[in-house]
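Read the structure below first, then the notes.
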Amino acid sequence: MQGCRRGHALHSKQMETFTEASQPLEAPSSGVPDQAGQGLLDPRTMRARSVLKMPVLQKVYRGITSPIRLLPDFLIIGTQRGGTTSLYHYLKTHPCIQLANTKDAHFFDKKFDRGLSWYRGHFPTRLGKYYSQRVRQQPFVTGEASPSYLFHPHAPGRVAQVLPGARLIVLLRNPVDRAYSQYFHAVKLGHESLSFEEAIEEEEERTARERERILADERYYSEKYKHPAVA
């Protein structure tokens, strides 16, 4: 990690070039590729040049380049309302970490049927990793955060199948504080109409029903199970 510490002094400048995977690709207001005709990669940074800023075209670009993109070294798998969003944004500022371009990719619970190429499209390229390690002499890791992985019944097997060597990160929180936070979050999203006390009484039965449906059908996705009132 010594190389990473050396790079920390140049953190502000480095972070300008570490946005290809952690933020949507930007483009000039004209709606056409920047520096047309100069190739997809900037030779100074080995990062992809700006492309069309339309979300659909960004997805197409990431899909086309998915064969040269990485899979995550680590997953932040939970817990909900436990600080995963804060951790995700803290890690984004680290010069040796490039995260997925979005939090809550939900590949291993909701979108597994979209396939591995779709998932790879969220992560930085192998060229970026090579440049970081060989030219900048810095460590390089990538990962993503989807806190619903912690309790989804199919997530463990899917992760073991696709990422057998990945590190799993779990944040815990005082269970009473977390339960209240989860409850008010579910109310805000429109997933809960019961009182806090009633939700606690109903929680086990409601989640058990949804869990049975998920186990019976891998393609079934339950917002109720994803957004439990207090669990």
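Every read-out reported here was derived from the displayed coordinates using simple, explicitly stated rules and does not represent laboratory data. Quick caveat: nothing in here was measured; it's all calculated off a predicted structure. Cβ placement follows ideal geometry from the backbone for every residue including glycine, while neighbour counts extend to all protein chains displayed.
Key figures for this structure:
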quantity: All-pairs alpha carbon distance profile, segment 116-231, 10 Å steps from 0, percent; calculated: 11, 32, 29, 17, 9, 2
quantity: For His191, His227, order by how many other beta-carbon atoms lie within 10 Å, fewest first; calculated: His191, His227
quantity: Nonlocal amide H pairs with Gly78, under 5 Å, H built at 1.01 Å; calculated: Leu171
quantity: Segment 107-147: trypsin sites (Lys or Arg not before Pro) in DSSP coil with no more than 16 other Cβ atoms inside 10 Å; calculated: Lys111
